[in-house]
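Report on one structure; see the data block that follows.
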Amino acid sequence: MMMIVFRQISQQQGCVIVEEIKQKRLPPLPRDDYKIIIRARGALNLSNLEIVHHSRAVAEKTQHGSKRPPKAFFQTRVDELENIAVVSTPDEDVARNIRDLQYLHILGNEYEITAYIAAPDDSSRGMVQGIPPGTPISELIDNHHAPGYKVLGARMIGTTSTALVPFAGKRVPRGGIFEHAMLACSLYRPTRPVWYVCHEVGHRAYVCPNPNNVKCAVCGIQPHTATCVHTSVRPVQGWTVTADKRCPERLVRGSPPSPQSSQH
């Protein structure tokens with residue numbers, strides 16, 4: 001069975017041209033496993049890296065040897081479009097150990113990483129605004145609660161003052177309490193990320209695999225050259241990068257949320 005993904009290959013007058021890539025579809029990860037998302041900084045391009053090097057680095061940092069019980073088993077997958085690794089394990093302690101990792105040593109290089117445990121399928125995610133940027137995950141989880149709701153985890157969104165908080169069930173509260181302060185909470189709507197240096201769709205800014213490949217946001221070529229005449233970044237007619245903040249279609253479309261999802 002094949003899986004089809006799309007990768008940007010060029011950009012003309014604000015329109016992204018993509019190519020279709022067919023990949024073999026791997027068996028699904030165990031439904032009841034913990035899923036840990038790992039994002040590496042430092043221009044680590046996972047599409048050019050053999051996945052065994054990544055999984056070996058995780059095993060070394062967590063001291064995961066062959067004598068571990070079967071329950072402590074974990075497996076790693078790579079999402080090349082988002083440039084992230086997904087680690088799946090049935091063991092909660094292993095999941096927490098991987099979540100707490102800050103660095104990985106891969107092929108002689110040290111990469112700073114951010115990791116978090118993904119919310120389960122039967123949950124809803126809310127955005128809580130007004131939290132100091134850079135608040136550690138452990139502090140978020142310990143100091144955030146919403147009466148009548150079960151908080152499954154929390155993490156900051158980039159360098160913003162907004163935290164992404166998953167709740168058990170299909171509803172999110174209208175507010176949450178963080179360090180005795182009542183903060184507004186709204187339903188999270190995922191977007192398609194785009195990075196404003198390479199202007200490729202799919203991955204977040206801090207995990208860009210090509211940070212030195214600077215492109216103009218308008219014409220898609222190297223800026224400040226003889227062929228690029230744009231002196232500032234501005235939207236143009238026909239803009240179709242749905243991940244760009246200037247595009248009204250940047251939100252991922254899907255089935256409309258249940259009316260009770262916005263209730264408290």
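The values are calculated or read from the model by the stated rules, or taken from the named source; none is laboratory data. Predicted model, so just to flag it, every value in this text is computed and none were measured. Note that each Cβ is placed from the backbone with ideal geometry, even for glycine, and that neighbours are counted across all protein chains shown.
What residue, of A40, A72, A85, A57, is at pLDDT below 90, outside the structural domain of R155 (by TED's automatic domain parsing) and out of contact with any Phe, Trp or Tyr (no Cβ under 6 Å at 6 or more places or on another chain)?
Being at pLDDT below 90, outside the structural domain of R155 (by TED's automatic domain parsing) and out of contact with any Phe, Trp or Tyr (no Cβ under 6 Å at 6 or more places or on another chain) holds for just one of A40, A72, A85, A57, which is A72.
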- [ ] Considering every residue within region 128-135, establish whether at least one is closer than 29 Å to P30 by Cβ, among the aliphatic types (A, V, I, L, M) and either at pLDDT below 90 or assigned by TED's automatic domain parsing to the domain that holds A184 (or both).
- [x] no
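Where in region 92-161 are there strands (runs of 3 or more DSSP E), lying wholly inside it, with at least 1 residues that are under 19 Å from D32 (Cα atoms)?
On the way: elements: 103-106, 109-117, 123-129.
Answer list for region 92-161: 109-117, 123-129.
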Open item on the list: Looking only at region 105-145, filter to residues that are within 23 Å of E179 (Cα to Cα) and charged (D, E, K, R); which one of those is farthest from the chain's Cα centre (by Cα)?
Closed with: D142
Task: Number of the condition not met by G153 [criteria: (1) modelled with pLDDT of 90 or more; (2) in contact with a helix residue (DSSP H, G or I) (Cβ under 8 Å, 6 or more places away or on another chain); (3) not basic (K, R)] - done: (1)
